[in-house]
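The values are calculated or read from the model by the stated rules, or taken from the named source; none is laboratory data. The shown structure was predicted, so the numbers you read here are calculated from the model rather than taken from an experiment. Virtual Cβ from ideal backbone geometry, glycine too; neighbours counted across all protein chains shown.
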Amino acid sequence: MTTLDDLEAHAARPRERFGAEAHIVCDNLVRIYQADGVQVQALQGLDLLVDKGDLVALVGASGSGKSTLLNILAGLDTPTAGAASVAGCDLLTMKARDRLRYRREVAGFVWQQTGRNLFSHLDALDNVMLPMSYAGTRGAAAERRAGELLELLGVGHVLDRHPGMLSGGEQQRVAIAVALANTPDVLFADEPTGELDSVSAQQVFEALRTANRELGVTVLVVTHDAAVAGQVRRTVAIRDGRTSSETVRGISVAGDGSERQIAEEYVMLDRAGRLQLPGEYVQRLALRDRVRVALDEDHVSVWPAAAGPASRPAPDTES
Amino acid sequence: MRIAGVRVRTALREFRADGALLACMAVLIGVSALMVSAGPALAARLDDRALRRSVAAASEQGLGASVTLDTLGIDAGGAGAGAPAHAFDGFTSQLLAPLPGWARPMLGVPSIDIATPFMLAAAPGLATVGGVAPEVRVEYADQVPGGLRYVAGTAPPVGALAPNAVVPIAASTATRDVLHLTVGETVALSPGTPGATPATARVVGFFQPIDTTSPATAAFWHAHPWLRAPVPGQGPVRDGFSPLIQRATVLTSAAGLAAITPAASAAGSVGTTITFPLAPGKMTADSAADLSAELGRMTDPAFDNPCTPASYGMPEQCGPFTVARGGLAIAADMKPTLDRFVTARAEVWVVDSFSLASLATVALITLFSAARLTVGRRERDLVLHRARGASVRGLMAVRAVHGAVVTVPALVVGWITARLWLLFGSHDPQSSGPGPGWLLAAIGVAGLVLLPGLTWAGSRSRSVAAAPAVVRRRRLAVEAGVGILAVAAVVSLHSRGISGLPAAGIDPQISLVPVLLGAVGAVVLLRVHPVVLGGSLRWARRRRSAVPVLAFAQARRGPGLGAAGLLVLVLTLAGLVFGGLVTRTVTGAHVDAANEVSGDAVVQGRGLNPAVRAEVGAVAGVQHVIGEEALWTPGGGTTPPVKTIAVDVKALMASDPTSRLAHLLAGDGVGAGTVPGTALSASDLRVVSTELGGLSPADPFLVVPLAAGSDPDTLVIDGPGVSESELRAALPANITYQIQTRGTLTDDLDTSTLTASLDLVANACAALASAFALAALVLELLAGARSRGEAVSFLRTMGLRSRSATSMLIVQLLPPAFLAALAGAGLGVLIPRLLGSALKLRAVTGGAAEPVIRVDFATTAALGGGVVALVLLAALIDSGLARHRRLGAVLRFDSR
């Protein structure tokens, strides 16, 4: 029989914190705002974990909450409820001063619109140096680092040009340099290739990969571009303000020693045990209101309410 | 290596990028600084002019500060030792000694007039009337306005006279002719009391007045009729009847007067009058109140007595004058003129405070609109700066520097321009008006604070925005607060009235009222606007055109002009209507005051015989001449005499055949041609109002027909364009006439009652407020131009013509414009009622009672229409600017 002491001891026992090891943690994140008098619930309890040094793509339909999530993680917006931390910084409890330091030193941000990332009245070098000046790095050191960043990202030749004189791809790569100016831990990019042709998009994505690879920056990129999403190790899909599925890519070594890329898509299971089934599955099996589930030895089976374990085989959720 | 820091370069380039709007702010600040620095001083100069005009006019009537002495004797040595002009300098200086130094120059060179009582004159050959000798008074006047020309002999010589010497006298040629005097003739002047020793005088010269008709001389000669010519009158009763005798005045020197005083004293009091005229050129409007107070202090018995104390019953020694005990009296005749001016100025400043406060608020809102647009255009840069790690404080500091770079030079330029402007036409002394210090400080603070303040507001995180319910509650609280403040301010103003106001200056409480009332108007408009738009939208949906539907649907999301735009419109129109209403009331009251004169011109004086009347009737512009005479009809028993006005009935009938008074006097009404005043209405009395001389219709008086053959003393002239100078030219030169015309009376009232100052402030404020309002409207429209441009461009891709786009904007703006016009005009008309006892115009209008506020509905409607036109003009400017935007550029998502 459980005694009161047992319960107290259980309550006092240290619990494992959600995503304790992760670099980016979103725990049951909620964001509600008003638009033209209408209340919009952009994030509805989103969970997300990203490891340090990872390069992750966020995909989802328009209005699914990707940009809202990115704004929150970049410290440009605050969530309504839930928990979010980046590089150990709690985004909910941060004071104004901490938020300022966070934007200066921890997070870099690149918007989709090429014209929105850079100050039109400053040249490329000044654009990169400006965040450094906010963080206290000035003079020759700032100029040298800005030049190095632009060189690293393949735009060293445009440092004295204003944004109006740059192509869209160049502008985005300069924008990445700006975001990296203060050696942030994390780089957030909101559809950075959305306005670009495929060649420029490839160059921009290469710049992101360079930043991830050469500088060790964790990169979280929102994209609609399948080509981009296909080039990252991990792609997280967001639907209706929640993470719905995740695709993990890796290299599989066959028995004959040959290597091939494989991609496995997972359905996300939240901390309460809720599962969001892929929409096509729901439609195909006409799942609605209630379903039957059965626990087998190593998996869980789901059927329409009218059907049962005896009538059809359990669908495999892995692909 | 880049020389300047990247943040400095960024700040400089942002400054350059916002150059146009920052220049706009600089212009607004500069014009505002110029306005507050020069405006009050210019108005004060006009006040100075009005004061000087009033004082000069009063001085011409002989008003000033006067000292009268019941003189028993004059120290001949002291009086006659030097030149006459300096004879009494010591004493006059002594009289002014208690006044403060600044006030003394405002009292001009005093005139001294000493006159004996009338004494019986006796000389061989002296003309008598029925054997009765004439009476002659000896007078010393150190200043005769217009001067004298001696046609025979000389003026009485200046210099001391030996004891018991013959007193030299000079008479006018008219006196010579009537009394048959000759140069060198000795005249015995007897006090007429038994045992009194007669004085002996010798005629040394005859003079003619050089000018008796100009405004500067007429008052003197009107007050000295006997000096100009003998005047026949009833003599003292002798043997049961009072004979007709001639009375005349002759001039002598100061020493002569001193010599004759002991003998003359036996006949009665020798009156000495020292009149200090006020020097208009030395006076300023700012010092009028203090000067009035000093003049009041002079008349106070506690004022320093310049006389040597005497033991009980003995005469006092006042300088060279021996004066009966208590015989010195000081009167400040000019004080009422100054007090009237000070009151009028305070009244005018109530109106000016109102106009200036409305203008200042409109200017500040325009500045706010410019600053908001400047910061709003950089909203995305602000977000980018924040994302790149800029602190709000840092961003505010940059904007504060921008604000300082714009504000400080603009303030300095505005102030220096005002000083240079004021240098032209400046002279010393002049009023400076209320100091512009705190107004300049307010403009400066607004210029410095607006940009960083709006940057702070724009830098707040989106999540900080309050929930709609909270916003609604806050809005209600603000509206209630504004309403309560407005009611409190109005009630407080009602209870306080005009008392406690400075003579000139901007009263903070009065200034606050129009701003609060305008805010209330804007608050009501913002509430009413959606309701009106809803109705308009329903109406538009029943029409075939899509433009009104689109316009009203878009307008429903926001008034298009915003709260600031509506407040500007309401305040501007309310100020214009109120200013026009006050100006109309004042000028209308002046015309009314002028209409109280019996005719278009009125001539008063003696000798208006048929020949003179014919001459007057022949003057250009004269249509009719009605003769009138003021008489006293003896009352029976103890009943006092009744004032009676005799009117030339025939002339009145010719002038106005429908005149009820003429018909009554002609005998076809009540009575036999004698009409009691009670039987007449105010309109009947119009032609006799001047003769009534302040009698109200309720007082007992009679109107009778002018007897045939008798000469009137007043001519009432019909002839709207008749000129005073032409009338004067038609009148005999040897008689002094008073001439009043309605035109000159209206002009005098306009120029002497601060109307010019009132007009200047009202018109300048109206013009500037209109210009500021137009600028504010354009800026408000530009603030929403981007989203409106996107919507219109989107519609243009579907085939909307650019002309229709302009129509759409106009239709969108018309409801708020009409509402603002209604609210502004209504507020302007209501303000006089709301101000209550704080708004008084009696002293400004110069009338006896508070004037009735005249609402000119046609002008008010025209001003309301003007505001609507102003909004349309702003819409056309905005549309013109929008045409330069390329469709592709506007529609390109997130383009700059």
Worksheet item: Would segment B:844-857 turn up any residue that is under 30 Å from B:Ala41 (Cα atoms) and assigned to a helix (DSSP H, G or I)?
Response: yes
Worksheet item: Quick check: is even one residue across segment A:174-189 within 14 Å of chain B (Cβ to nearest Cβ), under 28 Å from A:Ala226 (Cα atoms), among the aromatic types (Phe, Trp, Tyr) and within 20 Å of the chain's Cα centre (by Cα)?
Response: yes
Worksheet item: Quick one: which of B:Thr374, B:Thr366 is crowded, with 24+ Cβ neighbours inside 10 Å, more than 12 Å from every other protein chain (Cβ to nearest Cβ) and closer than 27 Å to A:Met132 by Cα?
Response: B:Thr374
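Within segment B:1-57, how many residues turn out to be of a type outside the set (Lys, Arg), within 14 Å of chain A (Cβ to nearest Cβ) and either assigned to a helix (DSSP H, G or I) or more than 27 Å from B:Leu364 (Cα to Cα) (or both)?
Start the filter on segment B:1-57 by keeping residues that are of a type outside the set (Lys, Arg), which leaves B:1, B:3-6, B:8, B:10-12, B:14-15, B:17-44, B:46-48, B:50-51, B:54-57.
Remaining after also requiring within 14 Å of chain A (Cβ to nearest Cβ): B:1, B:3-6, B:8, B:10-12, B:14-15, B:17-19.
Next, from what is left, pick out any that are either assigned to a helix (DSSP H, G or I) or more than 27 Å from B:Leu364 (Cα to Cα) (or both): B:1, B:3-6, B:8, B:10-12, B:14-15, B:17, B:19.
Counting residues in segment B:1-57 that are of a type outside the set (Lys, Arg), within 14 Å of chain A (Cβ to nearest Cβ) and either assigned to a helix (DSSP H, G or I) or more than 27 Å from B:Leu364 (Cα to Cα) (or both) gives 13.
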Item to complete: Just need a number here: residues in segment A:85-101 that are crowded, with 17+ Cβ neighbours inside 10 Å, part of a helix (DSSP H, G or I) and more than 9 Å from every other protein chain (Cβ to nearest Cβ).
Response: 0
Discussion item. Six or more apart or on different chains, Cβ atoms under 8 Å: show the pairs whose first residue is in segment A:103-127 and at the interface with chain B (Cβ under 7 Å from one of its Cβ atoms) and under 25 Å from A:Ile24 (Cα atoms) and whose second is aliphatic (A, V, I, L, M) and outside any helix (DSSP H, G or I).
Written reply: A:Arg103/A:Ala74; A:Arg103/A:Leu76; A:Phe109/A:Ala74; A:Phe109/A:Leu76; A:Phe109/A:Leu187; A:Phe109/A:Ala189
Practice prompt. Considering only residues that are within 25 Å of the chain's Cα centre (by Cα) and of a type in the set (Phe, Trp, Tyr), look in segment A:104-147 and name the one that is farthest from B:Arg386 (Cα to Cα).
Written response: A:Trp111
Fill in: All positions within segment B:331-377 that are within 30 Å of B:Thr273 (Cα to Cα), in contact with a helix residue (DSSP H, G or I) (Cβ under 7 Å, 6 or more places away or on another chain) and assigned to a helix (DSSP H, G or I)
B:Lys335, B:Thr337, B:Leu338, B:Asp339, B:Arg340, B:Phe341, B:Val342, B:Thr343
Discussion item. Looking at (1) more than 11 Å from every other protein chain (Cβ to nearest Cβ); (2) of a type outside the set (A, V, I, L, M); (3) touching a Ser or Thr at 6+ places or on another chain (Cβ under 8 Å); (4) under 29 Å from A:Cys26 (Cβ atoms), which one does A:Arg145 not meet, given that it meets all the others?
Written reply: (4)
Worksheet item: strands (runs of 3 or more DSSP E) wholly in segment B:128-245 with at least 2 residues that are touching a Lys or Arg at 6+ places or on another chain (Cβ under 7 Å) - which ones?
Response: B:167-172, B:199-209, B:231-234
Worksheet entry | All positions within segment A:148-163 that are touching a residue at least 40 places away in the same chain (Cβ under 8 Å) and either under 26 Å from the mean Cα position of the chain (by Cα) or over 16 Å from B:Thr10 (Cβ atoms) (or both) | A:Leu152, A:Leu153, A:Gly154
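Residue by residue through segment B:378-435, note down the ones that are among the small types (Gly, Ala, Ser), within 14 Å of chain A (Cβ to nearest Cβ) and either within 16 Å of B:Arg460 (Cβ to Cβ) or outside any loop (DSSP other than H, G, I, E, B) (or both).
B:Ala387, B:Ala390, B:Ser391, B:Gly394, B:Ala397
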Worksheet item: Out of segment A:128-142, which residues are in contact with a helix residue (DSSP H, G or I) (Cβ under 6 Å, 6 or more places away or on another chain), at the interface with chain B (Cβ under 7 Å from one of its Cβ atoms) and aliphatic (A, V, I, L, M)?
Response: A:Met129, A:Leu130, A:Ala135
Response to the item:
When restricted to B:Ala133, B:Ala97, the only residue assigned by TED's automatic domain parsing to the domain that holds B:Pro191 and modelled with pLDDT under 90 is B:Ala133
Practice prompt. Please work out which residue is nearest to the chain's Cα centre (by Cα), limiting yourself to segment B:409-441 and to residues that are surrounded by 15 or more Cβ atoms within 10 Å (Cβ to Cβ) and at pLDDT 90 or above.
Written response: B:Ala418
Worksheet, complete the sentence: Those residues of segment A:207-217 which are closer than 22 Å to A:Gly60 by Cα and surrounded by fewer than 24 Cβ atoms within 10 Å (Cβ to Cβ) amount to A:Arg209
Worksheet entry | Selected residue (only one of A:Pro192, A:Pro79 is more than 9 Å from chain B (Cβ to nearest Cβ) and part of a loop (DSSP other than H, G, I, E, B)) | A:Pro192
Discussion item. Can you tell me which condition A:Arg161 does not meet? The list is (1) in a loop (DSSP other than H, G, I, E, B); (2) away from every other protein chain (no Cβ under 11 Å); (3) under 28 Å from B:Ala397 (Cβ atoms), and all the others hold.
Written reply: (3)
